[in-house]
1. Does Lys27 qualify as being over 24 Å from Ala112 (Cα atoms) and outside any strand (DSSP E or B)?
2. Quick one: is Ser63 small (Gly, Ala, Ser) and modelled with pLDDT under 95?
3. Cβ-Cβ distance below 7 Å, separation of 6 or more or different chains: which pairs start in region 102-114 with a residue that is surrounded by 13 or more Cβ atoms within 10 Å (Cβ to Cβ) and end on one that is at pLDDT below 95 and of a type in the set (S, T, N, Q)?
4. Just to be sure I understand the filter: pairs with C-beta atoms under 6 Å, separated by 6 or more residues or on different chains, first member in region 33-45 and basic (Lys, Arg), second member part of a strand (DSSP E or B) and at pLDDT 95 or above. Which pairs pass?
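The values are calculated or read from the model by the stated rules, or taken from the named source; none is laboratory data. Owing to the predicted nature of the structure, the values given are computational and were not obtained by experimental measurement. A quick note on method: Cβ atoms are made from the backbone with ideal geometry, for glycine too, and the neighbour counts reach across all protein chains shown.
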Amino acid sequence: MLLDHVAIAVNDFDESVEFFSRLFGTKPNIEIDYGRGLKIAVFHLKNTRIEIMTPIREDTPISKFLQKRGNAVHHLAFRVSNLDEYLKKFPALTPVEKGITASRIVFLDLEATHRILIELLED
């Protein structure tokens, strides 16, 4: 298992991208996930990635998250070699689906993870 990325939900995308660009000394790749209703800046660091996310629609889970909590770490993502093995051990919150940077992803049930949102990715 390897830490793949940390995802941070933000209200002001441009301001946040500017800050993290200065902090990391690099520009991100910008992606739009129309299916999930997200605009994402992906910073590729030496040992992991940081994803800055903002909703592009009001009806998304990230919109609700930001209304409730404001800017905050949204989830931790770990890359695994056999997703099915983990799903035998832990209940899933979401169905397995295609991710932006992996062939298969799933979010684990919050009750099983002590209310910390964990994403598992598999190539």
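1. Numbers: over 24 Å from Ala112 (Cα atoms): yes; outside any strand (DSSP E or B): yes.
Spelling it out, Lys27 is indeed over 24 Å from Ala112 (Cα atoms) and outside any strand (DSSP E or B).
2. Values: small (Gly, Ala, Ser): yes; modelled with pLDDT under 95: no.
For Ser63, the condition - small (Gly, Ala, Ser) and modelled with pLDDT under 95 - is not met.
3. The qualifying pairs are Val106/Thr94; Phe107/Thr94.
4. Lys39/Ile32; Lys39/Thr54
To keep it simple, each residue is scored yes or no on (1) more than 18 Å from Leu110 (Cα to Cα); (2) touching a strand residue (DSSP E or B) at 6+ places or on another chain (Cβ under 7 Å); (3) in contact (Cβ under 8 Å) with a residue 12 or more places away in the chain; (4) part of a strand (DSSP E or B).
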| position | (1), (2), (3), (4) |
| --- | --- |
| Glu18 | yes, no, no, no |
| Glu31 | yes, yes, yes, yes |
| Met53 | yes, yes, yes, yes |
| Lys88 | no, no, no, no |
